[in-house]
Amino acid sequence: MSEAVRTYPSELPVVALRQIVVFPLTLQPLAVNRPASMESVNRALSGDRLLFLTLQNSDSAEDPEPDDVRRIGTIAAVRQMARAPNGGLHIIVEGLMRAKADVVTKNGTSLRATVNPLPEPAERTLEVDAYVRRLQELVERGLSIAAGLSQDLRGMVSGIDEPLRLSYLLANLLDMKGEEKQQILETDQLVAKLQAVATALSREISLLELKSKIESSTVRKEIKGKVNLKETPILEWTWKGVVLPTNADCRKKSADDQAAQLYVVWPRFPEAVRSQIIGYIWDTTAPVGTIVKSEKTATVTYVVVRSGPADLGKWLTERRNVAEDYRKIYGTAPDNPGMISLAIDSDDTSSSSESFFGAILFKKP
């Protein structure tokens, strides 16, 4: 019997997930450590092994209440379970169907939900087929750029003829924020799901170009005439550091490497002598708040925004008042910048560095 016509219990135990979205038609390993979640899993295991898995609104809620979880989630079956040494549970779940929780209640320490399946239309159209081909092309491109990606992914993607399954498989594999994945789950239109996955996959491929192994990498974007620092002096961006260059230090010419660099550039002629550049960086060693002129590039002044490995692997949002930083460094009010550039570097330390950037915006205070 297909999942489209399968019936499910009207009430299911709930597991609230932090920054994880389990999609239908996919397998997902989960580490379950919170008492409320463990109780829900144990209830499922003692019955039909079914759970309602849904995204938690805020990561800070250790013991979530009914209002702390999203109403659209996934009915999933627990396929495997093992007890962890720390007392928690390791489970593998199979997403079966998207569903909506009409009522969420708290029973003891755990949550339960009255759920209704949300069937998803999977009509094949020319637009759907075009997006499927686009996704297959993007996977091929990604595999050609990053040798470390599993070549099994090519076979998995080419072997999937169902667009909905393909969209959920790739969304599950991509490095996306929980909210982005939740939007893909919640949208009813298949084309919108495919489009969102294609956009995220394209972004991921672009970010691979910022990954360096020994050599440096730089991406530049002209912003001349597009940014007015008097109106929008706040630079906001998201980034994620993954690997820091070994023993790097922006204060030393011989170790001037950083895992992530965001430069705001005021071009002057001749460029190598008169340009003014502020580099917001994630350094390995120099303390946060350090402002220092680069010994390697005379036109660059570094501002250390992050330092060390404590926050590696996390998507972080940063905000800097570029106009204030310019006045502090150069002693005068800035004119409008002409370029921003992103870079990572590891050649001076003969090591490796890796980072990712997300949205970069100039905003009003």
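Points to keep in mind about this one:
- Yes/no for Pro287 being over 22 Å from the mean Cα position of the chain (by Cα), under 23 Å from Gly338 (Cα atoms) and surrounded by fewer than 19 Cβ atoms within 10 Å (Cβ to Cβ): no
- Condition check for Gln151: modelled with pLDDT of 90 or more and among the polar types (S, T, N, Q): no
- Region 21-50, residues that are under 23 Å from the mean Cα position of the chain (by Cα), surrounded by fewer than 17 Cβ atoms within 10 Å (Cβ to Cβ) and either more than 16 Å from Arg83 (Cα to Cα) or outside the structural domain of Arg71 (by TED's automatic domain parsing) (or both): Leu27
- Condition check for Val93: at pLDDT below 90 and crowded, with 18+ Cβ neighbours inside 10 Å: no
- Hits in region 93-108 (condition: within 11 Å of Leu185 (Cβ to Cβ) and β-branched (Val, Ile, Thr)): none
- Residue check for Ala101: surrounded by fewer than 18 Cβ atoms within 10 Å (Cβ to Cβ) and closer than 26 Å to Met176 by Cα: no
- All conditions but one from (1) surrounded by 15 or more Cβ atoms within 10 Å (Cβ to Cβ); (2) of a type outside the set (A, V, I, L, M, F, W, C); (3) closer than 25 Å to Asp249 by Cβ; (4) in contact with a Leu (Cβ under 7 Å, 6 or more places away or on another chain) apply to Pro334; the one that does not is (3).
- Selection count where residues are under 21 Å from Ser341 (Cβ atoms), outside any strand (DSSP E or B) and not charged (D, E, K, R), scope region 290-309: 5
- Strands (runs of 3 or more DSSP E) wholly inside region 310-365 containing at least 1 residues that are closer than 20 Å to Asp257 by Cβ and modelled with pLDDT of 95 or more: 316-321
- Restricting the first member to region 324-345 and to residues that are over 16 Å from Arg268 (Cβ atoms), and the second to residues that are of a type in the set (S, T, N, Q), the beta-carbon pairs closer than 6 Å and six or more apart or on different chains are Ala343/Thr218; Ala343/Gln261; Ile344/Ser212; Ile344/Ser217; Ile344/Ser353; Ile344/Ser355; Asp345/Ser216; Asp345/Gln258.
The values are calculated or read from the model by the stated rules, or taken from the named source; none is laboratory data. Small disclaimer: the values here were computed from a predicted structure and weren't measured. In this analysis, Cβ positions are derived from the backbone assuming ideal geometry, glycine residues included, and neighbour counts consider all displayed protein chains.
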